[in-house]
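Take a look at the structure below.
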Amino acid sequence: MPDDPSRSRRWSQRTDPRTAVRTAVVWDLLDALAAERGTALGRPLDVVDVGGGTGGFAVPLARLGHRVTVVDPSPDALAALQRRVAEADVGGRVRSLQGDAGELVGLLGEDNADLVLCHGALEYTDDPVLALTDARAALRSQGLLSLVVPQRLGAVLARALSGRFHDALRMLDDPQGRASEDDTVPRRFDRAEVLDMVDGMAIRAVHGVRLFVDLLPGALVDSDPDTTAALLQLERLAGDNLAHPELVTLAAQLHVVAQRP
């Protein structure tokens, strides 16, 4: 049954990743590859969203018919997820488990997922390589891993443009890409490092995310629809790793989609 239009409008006002400037580029890739995988399998996907918290991606995927398990360490985030799930009327397709990245096999077993999302979670793990090994083990053959991580050079650029030169210098030299001991992001990555961590998987897509939007005043980002649409198109085109690899390294985030053999 099609979604109720009024419900769709309500959801789009709550930063739906399909329409929000900061997440639409991620959704573009994810939606296309998930649809391709679902067609190949002839059924909805079994999705695991690591650190999916309040359901920003889980609920839209569930509304497309996929079955989503959200794994998150925060009870408060999972409670917010359940409220969103109830509002979207997808309770039968979303479940939640308390846990961290790196615990998927222990929670779910091996070879149980067609798609694993790891968006904004890897930087908080003690051992990113081990966490990705665990995520890969949770995937079925030909399953997809969608990985979004913060990039070091994008953070350096943002700090420098805002006049925080000491922070930018520290990030450039620090092995973890941190601005200080009080930095709220424990780790930032470089593109080559991320691609090395998914070595052995087929790379389906690489895209820079939030190349411009994080450097602009909020009033400009949220201005008239035509300006917002142009900004989103610029983000889509400039973040293409094949067309503009140099620009991709300067984006705030890197989105990599890899496929298990």
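The values are calculated or read from the model by the stated rules, or taken from the named source; none is laboratory data. In this text the structure is predicted, and so the values were computed from the model without any measurement. Positions of Cβ are generated from backbone atoms using ideal geometry, with glycine treated the same way; all protein chains shown enter the neighbour counts.
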Over the range 55-80, the set of residues more than 25 Å from residue 32 (Cβ to Cβ) and either part of a helix (DSSP H, G or I) or touching a His at 6+ places or on another chain (Cβ under 8 Å) (or both) is 75, 76, 77, 78, 79, 80
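Just for the range 170-193: of the residues that are among the acidic types (Asp, Glu) and surrounded by 11 or more Cβ atoms within 10 Å (Cβ to Cβ), which one is nearest to residue 149 (Cα to Cα)? Please lay out each step first, then the result.
Of the residues in the range 170-193, the ones among the acidic types (Asp, Glu) are 173-174, 181-183, 190, 193.
From the residues that got through so far, the ones that are surrounded by 11 or more Cβ atoms within 10 Å (Cβ to Cβ) too are 174, 183, 190, 193.
Working: 174: 17, 183: 16, 190: 9, 193: 11 Å.
Residue satisfying both the conditions and the ranking: 190.
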The lone condition residue 159 fails out of (1) in a loop (DSSP other than H, G, I, E, B); (2) outside the structural domain of residue 129 (by TED's automatic domain parsing) is (1)
Flagged in the range 106-127 as of a type in the set (Asp, Glu), surrounded by fewer than 18 Cβ atoms within 10 Å (Cβ to Cβ) and closer than 22 Å to residue 141 by Cα, in numbering order, are 110, 111
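When you look at residue 210, is it among the charged types (D, E, K, R), in the same structural domain as residue 122 (by TED's automatic domain parsing), surrounded by fewer than 19 Cβ atoms within 10 Å (Cβ to Cβ) and in contact with a strand residue (DSSP E or B) (Cβ under 7 Å, 6 or more places away or on another chain), yes or no? Working first, answer last.
Details: among the charged types (D, E, K, R): yes; in the same structural domain as residue 122 (by TED's automatic domain parsing): yes; surrounded by fewer than 19 Cβ atoms within 10 Å (Cβ to Cβ): no; in contact with a strand residue (DSSP E or B) (Cβ under 7 Å, 6 or more places away or on another chain): yes.
Taking the combined requirement at face value, the residue does not satisfy it.
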By residue number, the members of the range 236-261 that are without any contact (Cβ under 8 Å) to a residue 40 or more places away in the chain and assigned to a strand (DSSP E or B) are 240
Note on residue 233: of the conditions (1) in a loop (DSSP other than H, G, I, E, B); (2) surrounded by fewer than 16 Cβ atoms within 10 Å (Cβ to Cβ), unmet is (1)
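Among the residues of the range 137-156, which ones are at negative phi and not in a helix (DSSP H, G or I)? Give the derivation first.
Taking the range 137-156 and keeping what is at negative phi, we get 137-141, 143-156.
Correct list: 139, 140, 141, 143, 144, 145, 146, 147, 148, 149, 150, 151.
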Can you find even one residue in the range 98-105 that is at pLDDT 95 or above, under 20 Å from residue 143 (Cα atoms) and not in a helix (DSSP H, G or I)? no
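Looking at 63, 67, 95, 152 in this structure, which one is without any contact (Cβ under 8 Å) to a residue 40 or more places away in the chain and farther than 23 Å from residue 204 by Cα?
Details: 63 fails: without any contact (Cβ under 8 Å) to a residue 40 or more places away in the chain; 67 fails: farther than 23 Å from residue 204 by Cα; 152 fails: farther than 23 Å from residue 204 by Cα.
Just one listed residue meets the conditions, 95.
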Matching residues in the range 201-227 (out of contact with any Lys or Arg (no Cβ under 8 Å at 6 or more places or on another chain), within 30 Å of residue 143 (Cβ to Cβ) and outside any strand (DSSP E or B)) number 1
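In the range 34-41, is there at least one residue being in a strand (DSSP E or B) and β-branched (Val, Ile, Thr)? Quick ask: steps written out before the conclusion?
Just the residues of the range 34-41 that are in a strand (DSSP E or B), to begin with: none.
Scanning the range 34-41, I find no residue that is in a strand (DSSP E or B) and β-branched (Val, Ile, Thr), so the answer is no.
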Filtering the range 85-101 down to residues that are surrounded by fewer than 20 Cβ atoms within 10 Å (Cβ to Cβ) and either touching a Ser or Thr at 6+ places or on another chain (Cβ under 9 Å) or under 17 Å from residue 65 (Cα atoms) (or both) yields 86, 87, 89, 91, 92, 95, 97, 98, 100
- Test: residue in the range 228-239 that is assigned by TED's automatic domain parsing to the domain that holds residue 138, closer than 15 Å to residue 149 by Cα and of a type outside the set (Ser, Thr, Tyr): yes
If you go through 196, 134, the only one that is crowded, with 21+ Cβ neighbours inside 10 Å, assigned to a helix (DSSP H, G or I) and not aliphatic (A, V, I, L, M) is 134
Looking across the range 24-58 at residues that are under 25 Å from residue 141 (Cα atoms) and among the β-branched types (Val, Ile, Thr), the single one that is surrounded by the most Cβ atoms within 10 Å (Cβ to Cβ) is 50
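Just to be sure, is residue 198 farther than 30 Å from residue 259 by Cα, in contact with a Lys or Arg (Cβ under 9 Å, 6 or more places away or on another chain) and in contact (Cβ under 8 Å) with a residue 12 or more places away in the chain? Let's see the steps before the verdict.
Values: farther than 30 Å from residue 259 by Cα: no; in contact with a Lys or Arg (Cβ under 9 Å, 6 or more places away or on another chain): yes; in contact (Cβ under 8 Å) with a residue 12 or more places away in the chain: yes.
For residue 198, the condition - farther than 30 Å from residue 259 by Cα, in contact with a Lys or Arg (Cβ under 9 Å, 6 or more places away or on another chain) and in contact (Cβ under 8 Å) with a residue 12 or more places away in the chain - is not met.
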